[in-house]
Number of protein chains: 2
Amino acid sequence: MDFSSFVTSLTTSLIIFIFLVFIFAWLSRKPSNEVIYYPNRILKGLEPVNGKRTRSPFSWIGEALKATEKDVITMAGVDTAVYFVFLSSALGILVLSGVMLLPLLLPVAGTSKNEASHTNDTGAFNNLNKLAMGNIPEKSLRLWAFLIATYWVSFVAYYILWKAYKHVSDMRAAALEAPGQKPEQFTILVRDIPPAPKGQTIKEQVDSYFKALHPETFYRSMVVTDHKEAYKIWEELEGYKKKLARAEAIYTKSKTVSKVEGTRPTNRTGFLGLVGKKVDTIDFCNEKIKELVPKLETEQNITIKEKQQPSALIFFNNKLAAASAAQTLHAQMIDTWTVMEAPEPCQLIWKNIPFKFYQRQLRQYTVYGIVFLTVVFYMIPITVISAFTTLNNLKKLLPFLKPVVNQPEIRTVLEAYLPQIALIVFLALLPTLLMFLSKAEGIPSESHAVRATSGKYFYFTVFNVFLGVTIGGTLISSLKTILDKPKTIVTMLGTSLPANATFFLTFVALKFFVGYGLELSRLIPLIIYHLKRKYLCKTEAEVKEAWAPGNLGFATRVPNDMLIITIVLCYSVIAPVIIPFGVVYFGLGWLVIRNQALNVYIPSYESNGRMWPHMHTRILAALILYQVTMFGYFGLKKFLYAPLVIPLIIMSFIFAYVCNKRFYLAFCFTPLEIIARQNNKEIPNMETIFEAYVPPCLNSDKFDDADQFEDARSQAASRTRSFA
Amino acid sequence: MDFSSFVTSLTTSLIIFIFLVFIFAWLSRKPSNEVIYYPNRILKGLEPVNGKRTRSPFSWIGEALKATEKDVITMAGVDTAVYFVFLSSALGILVLSGVMLLPLLLPVAGTSKNEASHTNDTGAFNNLNKLAMGNIPEKSLRLWAFLIATYWVSFVAYYILWKAYKHVSDMRAAALEAPGQKPEQFTILVRDIPPAPKGQTIKEQVDSYFKALHPETFYRSMVVTDHKEAYKIWEELEGYKKKLARAEAIYTKSKTVSKVEGTRPTNRTGFLGLVGKKVDTIDFCNEKIKELVPKLETEQNITIKEKQQPSALIFFNNKLAAASAAQTLHAQMIDTWTVMEAPEPCQLIWKNIPFKFYQRQLRQYTVYGIVFLTVVFYMIPITVISAFTTLNNLKKLLPFLKPVVNQPEIRTVLEAYLPQIALIVFLALLPTLLMFLSKAEGIPSESHAVRATSGKYFYFTVFNVFLGVTIGGTLISSLKTILDKPKTIVTMLGTSLPANATFFLTFVALKFFVGYGLELSRLIPLIIYHLKRKYLCKTEAEVKEAWAPGNLGFATRVPNDMLIITIVLCYSVIAPVIIPFGVVYFGLGWLVIRNQALNVYIPSYESNGRMWPHMHTRILAALILYQVTMFGYFGLKKFLYAPLVIPLIIMSFIFAYVCNKRFYLAFCFTPLEIIARQNNKEIPNMETIFEAYVPPCLNSDKFDDADQFEDARSQAASRTRSFA
């Protein structure tokens, strides 16, 4: 890529971005689009737009900048606030690095006269390369400046990461100690309950076990049931209810149109409503609902009494007891009665809870194996698919396309793009696949599954995009070399990275201009919403569903940002011109996402910042990758003091170790200190807490029946009395 | 070594053993020796000998065999019982292996005609070698028998280890759930207390912290103090008290001897009582004691009030609360307020408690480094020392030895033995060195330090004795090869092991015959005791001190047994004749040590079997070493199915993982279940529990003063009232 085409690509991206920003400014002012641009505010019951409507089209920037962290937590939860800490940490590292590196390294590199590099370089992109480390001759004393820069970037990263970890830790503590009765703070999840002794149900076993171990604080238990059947019936029932509402809406509308009597909507009962008997929809749905309600009730009874699984939720009557119980070893055989803090009710993955200990382990390692294979061999199916999707094959498979395909213009375009389309389709499927795999591990909570997915996606991007592009398409053969001679990775990184600097410059620029432009303008959701509203939605509920904004999608967002920070860090000293690009990426991202977090997305769960240790570790991994690369590159430059980078690598590991020891466990468990700080003496409403965990397809009254709850309550009362 | 010299060595050992057993039978019947042969029974207040004294000299065998595990636990504690589980597991593995391997492999090997092995073998020790795997020709189908044997030994080991782990786990549970008020079950140890806020003492800080976190169950706290000074004074005081008692005893004795007036004993006040003013000992001691008592009191006050360290013992008013608190994260910054279960009062290493978190880490890794260097380079100082302790050097250094050394007979003997003596001295120093290093890690309890020492010693023996002998003296060069090409260890083990079979046969035989003979006869303690009693001891207390039996010394005993099991396992298939030797070692050991445990040794601490996971892991490590060796040896025999050993190695790792997951944590923490099983409603005497932890050199009243305990008690009372 020569310099002019680089500039062209950059300019194009910039123009697209500016265009999208104006689109956003224009569209977001139309009241009919408010549900797309301000759904979070609308659902929170706020005015869509702060202040008067005739404000400047760029006031959103001011608003995003003005919003404090507290505002973000109120509007979008702690997890989102932690994501901003991540963005601003990345930004901070790059800004502080840039302040030192750009004035220091650019003159050092620019004024160096390296005949060798000029001849080596194939003439392309000389202008930028002159400002990079490649322009320094071997063994030059100028390399000292680059060594100092390597240290500077690392220390900046340590400093910012340490402060960020501390900040997030406090944020998490503040969230946990906030008063209020979050059900998950009173609850623990017990798995691997051993088979109940004869003549006892699991429920009775659990109750007697926990009553003995926590005589004063145990409130009641809820045995996890296999409610697949009940859920199916419940879903069917809900479907008919929706259908009924929709049919009634259509009928009412047709009545108002024809003024006299409307046509009653009809449908067919067969496959997809296309075949079968024609029936009156309203009558049909009413009938079905009447039929399903008792069926559901019977199924609920059966589920609660007979489909008990060897897991349970245990409710305690105070937070300290629950936090303490969640961390304490209960059984002598430690693979039975394993306890953990209960996830939020909304993020429980019910079907994963009853998995047994060794089954979970087995699933986990199997999934790891599959992910490893996916990461390493992902390119193979894509290549195969590309080969099959050539034009000639397509013509054979779909002969009716022949006349279209035979036109020379269309032909050229298709031939050029078919492999890329295959790649894009495959890449688009990846997050779904990874999420499916993560859930298959047996992880019991949504937020944990998102973290697991993000981790897997991160490995994928670093291996396939970063290392794949850098080392070249021969990832598998490189892997073989690396396994045989682990040392070669260092020189390999050192040799290949500098050659690809321009590719990544364009990549980062494309990512931020086009990516964030699309993000801000929300063109695609807008179009889908308007189409749906016009042609599909009949009831209020359906319209609401059409604009439901979803959540921020950390599972793919975080690893994508991670890829950028990895790239920018690795190139920061080799080609310091990349730093401004990174700064723009994270700066723009911070701004755009802040607007989206305040106005658009609605988090579907709250893990109180448990994502942070995950992010922290990966930024550190990127830093270490960067240090190893620098070590290799200094070696290639025959710099005598290259080994001075090694203490830095060791330091990074020590830093990781210390951070881990100082902060990490407090993200896994709730420290007692934090709960004790709360100082709220109000008596929790235990019934509400219990009901929060009842799955919607099961009726909470049923639990009480099964429970003989009155009996338990009277026992508890007598206990309290005896204590007095 | 040829066959006849092997037999000679064996016979000599056997004769020594029989001689020592008779010595024991004879000496142990003399009443004056009872304190040497039955001290445990005497100190427990039992009759030294069960039943009538004129019993057969070998009745101890019957008694040892008859004693149940419960007897052992009563007489010598759970840790000793666990040691017997270890011995019988090793015995079980070897017996079950032998039952299959000897009838299967000896005929297979014996009837094989391998010309190559006969010529290869340098003629030595052919008779035994014919019964070993070396006698099988390459690629022979007979190797299948050896492969099956390899599997058999492994499965036997898995089976026995699993059962043993389960058994020990139950034993530990039974010990923990036994009723009674062990102080350590009510107590937790808190380290890394952050600096107290201004105007607060550490004591106040600790109290308010734990009162907030455990409002109902916190009883009181004891801040750890730096009582080095107080201890020094206390020790001096105790020394003078002893001296006084001794002087009085001498005086009384001299009075009875001279009938009229005894000579008052005198001593000199200077260095070692050799120089300085001569004084009357009784007066001098009385004076000193009078002087020291108020000094100690002042120091105690200062210590408790001003020398508080950032660690504390926290007492809870019930066991469930203490067990739960010891496992719960307390602080948001997890490197502060770290909690653990308190060790027994008697095994607390006070000076290690106040070390800070990162200091402990640093110490640990430093110690690991030193141990690594010690293990790898231990032979170097020995070689150096040997070079310096040649006769000529000795003559130069100690010229007065010249006439003795110049005699030719003495000269020969000395020249032959000097290097060995240096080696023995160095080896004798090793356990002390390793114990010192383990304590320097900052480990807070004696039993943990013993485990750590045992681990280090195990590495030492395996590396220096087992691998050292096997691979040859060039351990360092071998290490270099291994680091360069890790694969070579497999072939190296395969090549070198078979050649050394006879050495190890003799080694094992020597160990059990001479070692256990000496152990049983207790000749050395007996001689020392009689010498001391005759020439040194004047008071009853001094006599008692002279026969105090000490404990079993697991720190060196366990790794020595480990070495034997490693050797026997590794040779079990290669040269099955070693199995009977192993069986005799562990059988005899079991018998002799059982006698010693029941009658002689007194455990100085009780860790409720926490040694077991340590032993289990090391037996498994030996098993894996054995499997790797077999893999190498099958490869050398060009056996096509040698890779079939690999699944076995993987299986061992899975087995280790599963055992660890199923049992291990219950050895680190006390599971709530076990405590809840106790079902004892008695109210603990908290004052006794608290006092058990007061170091003997500090006065417990002082704590109460510092505590304003009355105040705390009244608060507790008002809390209970408000709860009612």
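The values are calculated or read from the model by the stated rules, or taken from the named source; none is laboratory data. Computed from a predicted structure; not experimentally measured. In this analysis, Cβ positions are derived from the backbone assuming ideal geometry, glycine residues included, and neighbour counts consider all displayed protein chains. Surface areas here come from the heavy atoms of the whole protein model, side chains and all, with no ligands, DNA or RNA. Shrake-Rupley method; radii C 1.70, N 1.55, O 1.52, S 1.80 Å.
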Going 7 Å from Cα along the Cα-Cβ axis for the label, what nanometre distances separate A:Ser4 from the same residue across the other copies? 10.1
Nm distances between copies for B:Phe653, ranked from closest, using label points 7 Å along Cα→Cβ: 2.0
Accessible-area order (highest first, 1.4 angstrom probe) of the listed residues B:Leu536, B:Leu644: B:Leu536, B:Leu644
To the nearest whole number, what is the average tally of beta carbon atoms from other chains within 10 Å of the beta carbons of peptide A:315-324? 2
By the Cα gyration tensor axes a ≥ b ≥ c (a/c under 1.5 gives rounded; else a/b larger than b/c gives prolate, otherwise oblate), the shape of segment B:542-690 is oblate
Which distances, shortest first and in nm, link A:Ala25 to the matching position in the other copies, using label points set 7 Å out along Cα to C-beta? 10.9
Set B:Lys232/B:Lys538; A:Lys163/B:Lys307; A:Lys70/A:Lys166; B:Lys253/B:Lys544; B:Lys242/B:Lys534 screened for pairs whose C-alpha atoms are more than 22 Å apart: B:Lys232/B:Lys538; A:Lys163/B:Lys307
Kirkwood-based Rg/Rh on the Cα set of segment A:119-253 evaluates to 1.35
Taking all protein chains as present, what is the carbon and sulfur share of the accessible area of segment B:504-554, in % to the nearest whole number, probe 1.4 Å? 66
The set of residues whose placed amide H lies less than 5 Å from the amide H of A:Tyr219, leaving out same-chain residues fewer than 5 positions away, is A:Phe315, A:Phe316, A:Asn317
Computed ³J(HN,Hα) along segment A:206-222: with the Karplus parameters 6.51/-1.76/1.60, θ = phi - 60°, integer Hz and x for glycine or proline, the list is 4, 4, 5, 4, 6, 5, 5, 7, 10, x, 8, 10, 5, 9, 6, 10, 10
Neighbouring partner chain Cβ atoms per residue of B:213-219, average, 10 Å criterion: 3
Roughly how many percent of the accessible protein surface of segment B:154-243 is carbon and sulfur, given a 1.4 Å probe and a whole-percent answer? 60
How much accessible area is lost when chains A and B come together, counting both sides, with a 1.4 Å probe, in Å² rounded to the nearest 100? 3600
Per-residue Cβ counts within 10 Å, from other chains only, averaged over A:331-338: what number is that? 6
Buried by at least 50 Å² relative to the chain on its own: which residues of segment A:624-665 qualify, computing accessible area with a 1.4 Å probe on protein heavy atoms? A:Tyr657, A:Lys661, A:Arg662
Along Cα→Cβ, 7 Å out, is where each label goes; now give me the distance between the ones at A:Lys232 and B:Gln407 in nm to one decimal. 10.1
Label B:Ile148 and A:Leu636 with points 7 Å out from Cα along Cα→Cβ: what is the distance between them in nm? 5.9
Could you tell me the distance between the Cα centroids of segment A:145-164 and segment B:595-638, to the nearest Å? 47
